[in-house]
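Student: Below you'll find the structure I mean.
The values are calculated or read from the model by the stated rules, or taken from the named source; none is laboratory data. Bear in mind the structure is a predicted one, so any value in this text is a computation, not a measurement. Glycine also receives a Cβ, built like all others from the backbone with ideal geometry; neighbour counts cover every protein chain displayed. The area values use the complete protein model at the heavy-atom level, side chains included, leaving out ligands, DNA and RNA. Shrake-Rupley method; radii C 1.70, N 1.55, O 1.52, S 1.80 Å.
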Amino acid sequence: MSISINDKNKDFFEAVFQIVKLIPEGKVTSYGAIAKCLGSKKSSRMVGWAMNASHKYPGIPAHRVVNRNGLLTGKHHFETPDTMAEKLSLEGVIVKNDQIQNFKTHFWDPFLALHLDA
C-alpha cells in the first residue's frame, strides 16, 4: 500500500514529521506514543503511514520509530530490510532479531518530553 501526503492527511503527517525530528539520537519512540502526543491515541496506524511516506523527505529519522514492543515493524520500507537496524546500531541502540534491546532505556516519550518543555 502506497500512502502519499494529500490534503486530507497533510497536516497530520506534518505534525508526525515534526515530532519524529525531535527524537534524540540513540532513542526510539513508538507509533502509538506519537499518536498520543498528537491527541489522537487511536491513530498509530496513520502514524505508520506517515513514516512510510517520510522516506521522500530528507531529515526525518524514521528509523527511530518502532512498534509498542520495540520491534522494527517498518524495516521493509527502508532501502534494505537491514537499514533500520544498521542506523540504530550506529546510534548505540542494540537490535537483535528485529527487537530493540533494553527498549525501556531507549524509549523517548514525546508526550512527556514536549509537555515538560512547555
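Student: Output the helices (runs of 4 or more DSSP H) that fall wholly within the stretch 52-118 and possess 1 or more residues being closer than 19 Å to ALA33 by Cα and open to solvent by 40 Å² or more (accessible area, probe 1.4 Å), or say none. Talk me through it step by step, then tell me what you get.
Tutor: Numbers: elements: 83-90, 103-106, 110-117.
It comes to 103-106, 110-117.
Student: Are any residues in the stretch 74-99 touching a residue at least 24 places away in the same chain (Cβ under 8 Å), within 24 Å of ALA15 (Cβ to Cβ) and of a type outside the set (D, E, K, R), and if so, which ones?
Tutor: Within the stretch 74-99, the first condition is being touching a residue at least 24 places away in the same chain (Cβ under 8 Å), and the residues that meet it are 74, 77, 87-88, 91-93, 98-99.
Imposing the further condition that a residue be within 24 Å of ALA15 (Cβ to Cβ) reduces the set to 74, 77, 87-88, 91.
Of everything in the stretch 74-99, those that are touching a residue at least 24 places away in the same chain (Cβ under 8 Å), within 24 Å of ALA15 (Cβ to Cβ) and of a type outside the set (D, E, K, R) turn out to be GLY74, HIS77, LEU88.
Student: On to the next question. Scanning the stretch 17-31 for residues that are hydrophobic (A, V, I, L, M, F, W, C) and touching a Lys or Arg at 6+ places or on another chain (Cβ under 6 Å), which turns out farthest from MET84 (Cα to Cα)? Outline the logic, then answer.
Tutor: Taking the stretch 17-31 and keeping what is hydrophobic (A, V, I, L, M, F, W, C), we get 17, 19-20, 22-23, 28.
So of that shortlist, the ones also touching a Lys or Arg at 6+ places or on another chain (Cβ under 6 Å) come out as 23, 28.
On the way: ILE23: 15, VAL28: 12 Å.
Among those residues, the one meeting the criterion is ILE23.
Student: Would you pick out the residues in the stretch 13-31 that are farther than 23 Å from GLN99 by Cβ and open to solvent by 40 Å² or more (accessible area, probe 1.4 Å)?
Tutor: Those that are farther than 23 Å from GLN99 by Cβ and open to solvent by 40 Å² or more (accessible area, probe 1.4 Å): GLU14, GLN18, LYS21, LEU22.
Student: Return yes when ILE34 is open to solvent by less than 60 Å² (accessible area, probe 1.4 Å), touching a strand residue (DSSP E or B) at 6+ places or on another chain (Cβ under 8 Å) and not in a strand (DSSP E or B) and no when it is not.
Tutor: Numbers: open to solvent by less than 60 Å² (accessible area, probe 1.4 Å): yes; touching a strand residue (DSSP E or B) at 6+ places or on another chain (Cβ under 8 Å): yes; not in a strand (DSSP E or B): yes.
So ILE34 fits the description; yes.
Student: Here is a follow-up. Here are some conditions: (1) farther than 21 Å from ARG45 by Cβ; (2) hydrophobic (A, V, I, L, M, F, W, C); (3) at pLDDT below 95. ILE94 meets all but one. Which one does it not meet?
Tutor: Against the list (1) farther than 21 Å from ARG45 by Cβ; (2) hydrophobic (A, V, I, L, M, F, W, C); (3) at pLDDT below 95, ILE94 comes up short only on (3).
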